[in-house]
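Working notes, structure below.
The values are calculated or read from the model by the stated rules, or taken from the named source; none is laboratory data. The model shown is predicted, which means the values in this text are computed figures rather than measured ones. All Cβ positions, glycine included, derive from the backbone under ideal geometry; neighbour counts span all protein chains shown. Surface areas here come from the heavy atoms of the whole protein model, side chains and all, with no ligands, DNA or RNA. Shrake-Rupley method; radii C 1.70, N 1.55, O 1.52, S 1.80 Å.
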Amino acid sequence: MDNVILREKNGIAYVTINRPKALNALNSATLTELDSVVGEISQKRDVKAVIVTGAGEKSFVAGADIVEMSKLNSMEAANFSRLAQKVFSEIENLPKLIVAAVNGYALGGGCELAMACDVRLASKKAKFGQPEVNLGILPSFGGTQRLPRLVGKGRAKELIFSTDMIDAQEAYRIGLANKVYEPDELISKSEEFAKKVMSKSPWGVRLAKASINNGLDVDLEAGLKYESNSFGLCFSTEDQKEGMNAFLEKRKANFKDR
Ligand code: CAA
């Protein structure tokens, strides 16, 4: 594998999309590698958080690979979209924190990859956009679905129809980026955030993530039921007992992920 680099340190997996000459554009080989990297991470209990970024100085991911897409027929294009949607849904539902460290262009499929992550921490150099309609296509790695869920229907339509590229500050203003940092701070700030989340109860974070994700796809009543069932489930974990005992004993909790 060389289109996607996986590195691990202190419980954090670093996933780097590595096609800098093509600004890390996602071709099917890269998506397939990403799929197996995500599968590998999901099996590793010692990996508690993931940071996704792009290789090089310029780009997170500049979209789906236009060279490859230009040769597809209708059936192949639908399959290409399905492959990316499957991988991005696996990312979205990974029972671990997943941070997009957006270090440059996050366009088309790159913006869609970032949106499948739990949070988007952006470098001041980051640029976000959905330029697909310039190419006679529509966002199809989840963009028509995740963008309106993140920034609202009106803003999503504005971005997708206009193809305007927005900077990190504007992405922050509309809720697409969670935070904006100096480029040389981006990875250390992403690690800082990951470590903060890793110090909390893993079951609490995992079940809150699943409750938020599942709740957004169903009506409020069904979402509330999911939430109370998850709440009940917490009380079968050691972490809940440790968290509450630590509070009562006025000490720091020591969570064991059990
Ligand atoms: N696919 C394939 N190659 C790409 C690419 C992409 N999405 N984006 C950039 N590249 C390649 C360029 O072709 C170029 O290759 P060569 O050196 O071989 O010519 C190299 O990366 C560097 O790019 P530029 O010379 O264009 O760099 P720049 O700084 O002048 O411009 C840019 C940067 C504005 C990001 C520009 O590259 C660009 O507009 N890229 C395409 C962005 C885009 O349209 N993305 C959406 C793709 S469609 C999609 O993603 C559909 C979907 O929903 C799944």
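Here are the numbers for the structure shown:
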quantity: Output for segment 1-50, where each listed residue is among the acidic types (Asp, Glu), surrounded by fewer than 17 Cβ atoms within 10 Å (Cβ to Cβ) and more than 19 Å from residue 209 (Cα to Cα); calculated: 2, 8, 40
quantity: Residue 60 of a type outside the set (Ser, Thr, Tyr), touching a residue at least 24 places away in the same chain (Cβ under 8 Å) and outside any helix (DSSP H, G or I); calculated: yes
quantity: Residue list for segment 213-241, restricted to those being surrounded by 13 or more Cβ atoms within 10 Å (Cβ to Cβ) and touching a residue at least 40 places away in the same chain (Cβ under 8 Å); calculated: 213
quantity: Among the candidates 121, 113, 83, residue that is within 22 Å of residue 191 (Cα to Cα), at pLDDT 95 or above and assigned to a helix (DSSP H, G or I); calculated: 113
quantity: Yes/no for residue 162 being outside the structural domain of residue 95 (by TED's automatic domain parsing) and among the hydroxyl-bearing types (Ser, Thr, Tyr); calculated: no
quantity: For residue 170: the one exception among (1) more than 30 Å from residue 240 (Cβ to Cβ); (2) away from the ligand (no atom under 16 Å from the Cβ); (3) in contact with a helix residue (DSSP H, G or I) (Cβ under 8 Å, 6 or more places away or on another chain); calculated: (3)
quantity: Answer from 116, 84, 78, 106 - the residue that is open to solvent by less than 10 Å² (accessible area, probe 1.4 Å), free of Cβ contacts under 8 Å to residues at least 40 places away in the same chain and within 13 Å of the ligand (Cβ to nearest atom); calculated: 116
quantity: Candidates 137, 187 - the one that is part of a loop (DSSP other than H, G, I, E, B), within 24 Å of residue 31 (Cα to Cα) and open to solvent by 50 Å² or more (accessible area, probe 1.4 Å); calculated: 137
